[in-house]
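Read through the structure below, which is laid out as C-alpha cells, and then see the notes.
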Amino acid sequence: MGNGDGILGSKETQRMLSETHRRRKWLKRRERWLVILGVILHAVYMLSIFDIYFKTPIVHGMDPVKPRFKAPAKRLVLLVADGLRADKFFEPDSEGNYRAPFLRSVIKNKGRWGVSHARPPTESRPGHVAIIAGFYEDPSAVTKGWKANPVEFDSVFNRSRHTFSYGSPDIVPIFCGALEHSTWKSYPHEFEDFATDASFLDEWSFDQFQSLLNRSNEDPKLKELLLQDNLVIFLHLLGCDSNGHAHRPYSSIYLNNVKVVDDIAQRVYALLEDYYKDNSTAYIFTADHGMSDKGSHGDGHPSNTDTPLVVWGAGVKYPKPISGAGQSDPGFHFVDEHTHGMPTPVDWGLIGIERVDVNQADIAPLMSTLLGLPCPVNSVGNLPLGYVDMIEAEEVEAVLANTKQILNQFLHKSHIKQSNSLYFKPFKPLVQHSSQLEHIENLISVRDYQNAMILTQELRSLALQGLHYFQTYDWLMLMTVITLGYLGWMVYLILHVLKSYTSLSEKIMKMEQAAEQKNKTGKVYLFGCLLMGVISVILYVEQSPPLYHAYIAMTVFLWTQILGDYQFVKALWRHLSGKKSNYAIKLLVTCAISILLLEFLVNSFTERKLYTWCFLIVGSIASLYLFKAIPWRSTIPIFVCVACWCLSVFTLMPAEIPDNNELVIASGAIIITIGAAARWLDKHSEGNKNWLAICCHETDKPKQSMLFYLQALLVGLSSIMVSLSTSHRTQKQELHLIHQLINWTLAGFSMVLPLFSENGLLSRLTSIFLGFAPTFLLLSIGYEALFYGALALVLMAWILFENTLLHLTKLKKLSKYEDYTTLENDRCLQLSDVRIPLVFMVLFNVAFFGTGNFASIASFEISSVYRFITVFSPFLMAALLIFKLFIPFMLVICVFSAITKLLRVPRLGCYFLVILFSDVMTIHFFFLVRNTGSWMEIGNSISHFGIVSAQVVFVLLLFALTNVYTKDIRIRSDGSSSRKAV
C-alpha cells in the first residue's frame, strides 16, 4: 500500500470522512427545519381551540318579533342581589325566624316563586348577561374585557323606552354605558372594601333611586319620563357578594345582608306603589349566582347555581296552593350540572305553595313579556308561563313570540352558513319550519289553543337544537383536520427517527431505487400542491377565517411529505413483515405500554395522587428485577426502592404549600448529606468494574475537593440565610438590604460553580445538584425543599438502573466502528430505548406536580420570593417563581442528557421521541378542552392542552440551557482504548 496509504488506505479514509461530514451537515439542517416546523405547527394548532370551542353565539341582523298581546305591566323593577344563595334566602335563622319576611309574604300572598338555575361559570358578568339579555355568554368574552362588551348584544334594557340603573361599576356600565335611553350611576371602586360590612353598597343603590323619585317632583321632564310605559328600573345589590367573599356565607354579616336586601325590596315596593298608585308595576327579585361555603363562586355546585326568584305585581299570577313537595316540572331541562328533582326542603316552609323553577336565561323573556316588548334578539330563554297571568289566547301569543325570536336566530345562522357553503347540510327537523308556523297560526285562528301551545313549544325546542347545530357546524371538519395534522406530525417524526437514528435506514435504503423514488416523489408533491390549491379556493369562496387555511395547509403539507416517502414506508413495511412474529408482538406490547403510560400522565394532570401509586409500584418492581438480574451482592435494588418510595409521598401533600422554615433548613443538611454520599461513591468504587462508566477513578485532586467543600458551604449558608432573612422580615416587616444582597450573591455564584467540576458523569451531576440547591432553598417555604432531595435520589436511581442494564446487556461489546451510524459516534436507537423518553416524561411531569406548584393555575405562592424581593414587582417576582419551577426540570434534563451519553444513544433522537409522546397527550387534551364550567375548569383545560403543546419549544430550550452543564461529560469504558486504536 505505497504512496503513503495507511492501514485503511487514505482515499478510502477520506471518502468515509467526507461522507460522514456530508451526512452530519444534512442531518443538522434537516433537524433545524424539523424543529422550526414543529414550533409553527403547535402554535397554529393551539389557536384551533378558539375556532372550535370558543366562538361567540351572538349573530346580528335579526328583526325583533313584536308581540301580539297587550302589555300586562307599564314598568318593571329588577332587583339582583349579587351572590345570594337560595338556601340562605329561604331557610330560617337559628331562632326560627325567616330572614326575608317581606318577600316571604309576597310568595304567600301576592306572587310566584322558584329557584333560578345559573349555568357555570357562576360569575357576575355571565349571570347578569343571562338575566338581562337571555343568553349564556361565550367564556372567551372574559379574555376580551369584563367591563366593555366584546361583542354588542341586545338586552331587555335596549328594548325599553328608558332604563334607570344603579349599582356596581363592574355591572351597570356593561348594559347602560352605551345606552342612550338610560339614566345610570355607579359608586367608585374604592367603595368595594372587603374589610367592612358591604351592605351599605345596597343602601347606596336604593338611596340613588329614592333621590331620583324625589327629584322628579321638582323636574317636570323627569316626571313625564317616569310616567311613561315600558320603563325598566334595575338596582344591583352587591352587598351579599362582597360580604360572602370577605366573611363567608355562614357569617352573621352575610346573613344580616339577606335581611337588608329584603328590606330594600320592601321599601322599593312601597315607594313605587305610593308614587304611581296604578298597580301597573311588575317586580322581579333574583340573584346572578350563589356563594360556596368557602366564600367563592364559579363552579357548578348547587350553592353557586341555585338562586332565589320571586316575581309579583302587574301581570304576575297569584300563589297557587298545592299538596306534595312543591316541585317544578321534573322533565324540564336545567342548565346547571347537578341533580334536580329534589323536593323543596321542609325548613323553607313553602311546601304548600307551587314552586316554578327556571333557567337563568328564562328571566329575560319573562321581563319582555311582562312589559309587552320584543324578546332580546339573541335570547335563548324559554318564557316560564307559571309566572305570567294571561288568558289562554295571550299565553299562546307570548310563547309564539318567544319561539319566533329563537327561530329567527336559527334562520339567520342557517342563511349565513348556507350563503357561504358550497356543500350545505341543513338542520333537517326544521326544513319545513314555514309549514309548521303556518299550522300553528291556523290552530290559533280556530282557537285550538291547547294544540297550538304544544306545537309552539315543540318548535321552540327544535329551534334551540338548531342553534346548537350551527354553533358546532364546523366542529367535525376542524377536529378531523387538526387530529389528522397531529397524527401526520407524529408519523413524520417516527419516519425521521427511523431514517436518522436507527440501523433500519441503511438496510431499507438498499431496497430502494433512488431515481425512481425521486421521479414519483415529484408527482406526490405536485398532487399535494394541487389539493391545497383546490381546498384554499373552496375556503376562500366560503369566506372561512384565515386560520382555517393554515390548519388545512399544515395537515396537507405533512401528509404530502409522508406520501413523498412512500418508498421508504413500503420498504419499512416489507422489512417489518419479514420479521418473526415475536418481533411484531414485542412491537405491539411496547406501543401498548407507551400509550397506557401516556394516558396515565394525562389523568395525572387532574389527579396528582396517581404518582404516589406509580412510584410505589415502580420502586417495588424495579428493585425485584434488579435483585434477580444482578449476579453480585449489591445495595442498588434497595436504594432504587427506597428512593421511589420517598418521592411517592410528595404528591399526597397539599398543593398550597404551608410555611415551614425548619423543614427548609433541615433540607439543606439532607442535600449536603446526599452530595457527600455521591462524592464518596464516586471516589471509592474503583474496585467495582460495574461502576466504571459513571464514576471518576482518577486520584483525588485538591482543586476538585475544594470545589465540593465550597458548594457544600454555600448550601449550608443558604440554609442559615433562610432562617435569618425570614425571622428579620417577620419581626421588622421588611427585608434587610444585607440579607437581600447575600441571597442574590449565593444564588448567582452557586449556579456557576458546576461548570468547573470534574467531567465524570456522577461528579458533574453531583456538582449540578449542589449548584442549584442554594437557589432552590432560598425560594422554598416548606416541603418542596425536601422534594428537591427526593427527586435527586430518584434520578440517581434511574442512572444506576440504566448502568446496570448497560452492564447486563454488555452493549460495549457491540461498539464496533461500523455500528455507529449517527452523529457524534452514538449507537443506533433500538426498540428497548423507548423506555428512556418514557421515564423522562414521567419525571418531567413529576417536576411539575411534585411540589404542588402546578396542581392548579392559582397555586403559586408569592411568599416564595420574599427572601429576594418584598417590594411588589410583578415581572421580577414572576421570573423568580418560574425559575424555581425550572430547577427540578433542569435536574431531570441534565440526568436525561447524561444517560444518553452513558448508553451512547443520540440525544436529539430521544428528544424527538419525547415530542412524539407529548403529542399523544396533546391529542387527548385537545378533546378534553371545556367551554362550560367554572373559569378554573375552563382555564385548566386550556392550560393543560397548552402545556403539552408547548413542550416542543419548552423542552428544547431547557435542553439548550442544560447543555452548558452537560456537554463535556465524559463516559469511561473498557472499550475506549480499543476504539482509539481503530
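The values are calculated or read from the model by the stated rules, or taken from the named source; none is laboratory data. Computed from a predicted model, the values in this text were never measured in an experiment. Note: ideal-geometry Cβ built from the backbone for every residue, glycine included; neighbour counts use all protein chains shown. Surface areas here come from the heavy atoms of the whole protein model, side chains and all, with no ligands, DNA or RNA. Shrake-Rupley method; radii C 1.70, N 1.55, O 1.52, S 1.80 Å.
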Contact list, first residue from region 346-362 and on the phi < 0 side of the Ramachandran plot, second anywhere and open to solvent by 10 Å² or more (accessible area, probe 1.4 Å) and of a type in the set (S, T, N, Q), beta-carbon distance below 6 Å, six or more apart or interchain, is 355/328; 356/328; 357/328; 362/382
If we keep only residues of region 572-585 that are in contact with a Leu (Cβ under 9 Å, 6 or more places away or on another chain) and open to solvent by less than 80 Å² (accessible area, probe 1.4 Å), then the residue nearest to residue 830 (Cα to Cα) is 583
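Please determine, by comparing only the residues of region 913-938 that are within 11 Å of residue 121 (Cα to Cα) and either in a helix (DSSP H, G or I) or of a type in the set (D, E, K, R) (or both), which one is least open to solvent (accessible area, probe 1.4 Å). Reasoning before the result, please.
Of the residues in region 913-938, the ones within 11 Å of residue 121 (Cα to Cα) are 931-938.
Now drop any that are not either in a helix (DSSP H, G or I) or of a type in the set (D, E, K, R) (or both), which leaves 935-938.
Details: 935: 60, 936: 85, 937: 63, 938: 8 Å².
Checked region 913-938; the qualifying residue least open to solvent (accessible area, probe 1.4 Å) is 938.
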inquiry  = Among the residues in region 398-408, are any in contact with a strand residue (DSSP E or B) (Cβ under 7 Å, 6 or more places away or on another chain) and either open to solvent by 20 Å² or more (accessible area, probe 1.4 Å) or closer than 17 Å to residue 358 by Cβ (or both)?
reply    = yes
Among residues of region 282-326 being assigned to a loop (DSSP other than H, G, I, E, B), in contact with a Ser or Thr (Cβ under 6 Å, 6 or more places away or on another chain) and aliphatic (A, V, I, L, M), the residue surrounded by the most Cβ atoms within 10 Å (Cβ to Cβ) is 287
- prompt: In this structure, does residue 778 turn out to be in contact (Cβ under 8 Å) with a residue 60 or more places away in the chain and farther than 19 Å from residue 897 by Cβ?
  reply: yes
Among 59, 35, 65, 77, the single one that is more than 19 Å from residue 133 (Cβ to Cβ), in contact (Cβ under 8 Å) with a residue 60 or more places away in the chain and either touching a strand residue (DSSP E or B) at 6+ places or on another chain (Cβ under 6 Å) or among the hydrophobic types (A, V, I, L, M, F, W, C) (or both) is 35
For region 282-309, pairs from a residue that is within 16 Å of residue 125 (Cα to Cα) to a residue that is part of a strand (DSSP E or B) and charged (D, E, K, R), with Cβ under 7 Å and 6 or more apart or across chains, are 290/306
Reported set for region 174-230 where residues are of a type in the set (Asp, Glu), under 43 Å from the mean Cα position of the chain (by Cα) and part of a loop (DSSP other than H, G, I, E, B) is 180, 192, 193, 197
Quiz item: Is region 172-182 home to any residue that is modelled with pLDDT of 90 or more and of a type in the set (S, T, N, Q)?
Solution: yes
Inset, instruction - Would you be able to say whether some residue in region 608-619 is under 24 Å from the mean Cα position of the chain (by Cα) and free of Cβ contacts under 8 Å to residues at least 12 places away in the same chain? - result: no
Flagged in region 754-775 as open to solvent by less than 10 Å² (accessible area, probe 1.4 Å) and either more than 20 Å from residue 727 (Cβ to Cβ) or assigned to a loop (DSSP other than H, G, I, E, B) (or both), in numbering order, are 754, 760, 761, 762, 764, 767, 768, 770, 771, 772, 773, 775
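So, residue 16, is that one surrounded by fewer than 14 Cβ atoms within 10 Å (Cβ to Cβ), at pLDDT below 70, in contact with a Gly (Cβ under 8 Å, 6 or more places away or on another chain) and not polar (S, T, N, Q) or not? So that I can check it myself, show each step before the final result.
Numbers: surrounded by fewer than 14 Cβ atoms within 10 Å (Cβ to Cβ): yes; at pLDDT below 70: yes; in contact with a Gly (Cβ under 8 Å, 6 or more places away or on another chain): no; not polar (S, T, N, Q): yes.
Criteria not met by residue 16.
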For this session: Determine, yes or no, whether residue 396 is in contact (Cβ under 8 Å) with a residue 40 or more places away in the chain, part of a loop (DSSP other than H, G, I, E, B) and hydrophobic (A, V, I, L, M, F, W, C).
Result: no
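Let me confirm something: among 588, 601, which residue is assigned to a helix (DSSP H, G or I), under 29 Å from residue 937 (Cα atoms) and modelled with pLDDT of 90 or more? Give the steps one after another, and end with the answer.
Working: 588 fails: under 29 Å from residue 937 (Cα atoms).
The match here is 601.
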Picked from region 217-255 (must be open to solvent by 20 Å² or more (accessible area, probe 1.4 Å), of a type outside the set (Asp, Glu) and touching a residue at least 60 places away in the same chain (Cβ under 8 Å)), the residue farthest from residue 104 (Cα to Cα) is 225
Note on residue 447: of the conditions (1) free of Cβ contacts under 8 Å to residues at least 40 places away in the same chain; (2) open to solvent by 60 Å² or more (accessible area, probe 1.4 Å), unmet is (1)
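Restricting attention to region 823-841, and to residues there that are in contact with a helix residue (DSSP H, G or I) (Cβ under 7 Å, 6 or more places away or on another chain) and open to solvent by 10 Å² or more (accessible area, probe 1.4 Å), which single residue is modelled with the lowest pLDDT?
Quick first cut of region 823-841, residues in contact with a helix residue (DSSP H, G or I) (Cβ under 7 Å, 6 or more places away or on another chain) only: 823, 827-829, 831, 834, 836-841.
Restricting the remaining residues to those that are open to solvent by 10 Å² or more (accessible area, probe 1.4 Å) gives 823, 827-829, 831, 834, 838-839.
Values: 823: 44, 827: 76, 828: 83, 829: 83, 831: 86, 834: 92, 838: 95, 839: 95.
Ranking the qualifying residues of region 823-841, first place goes to 823.
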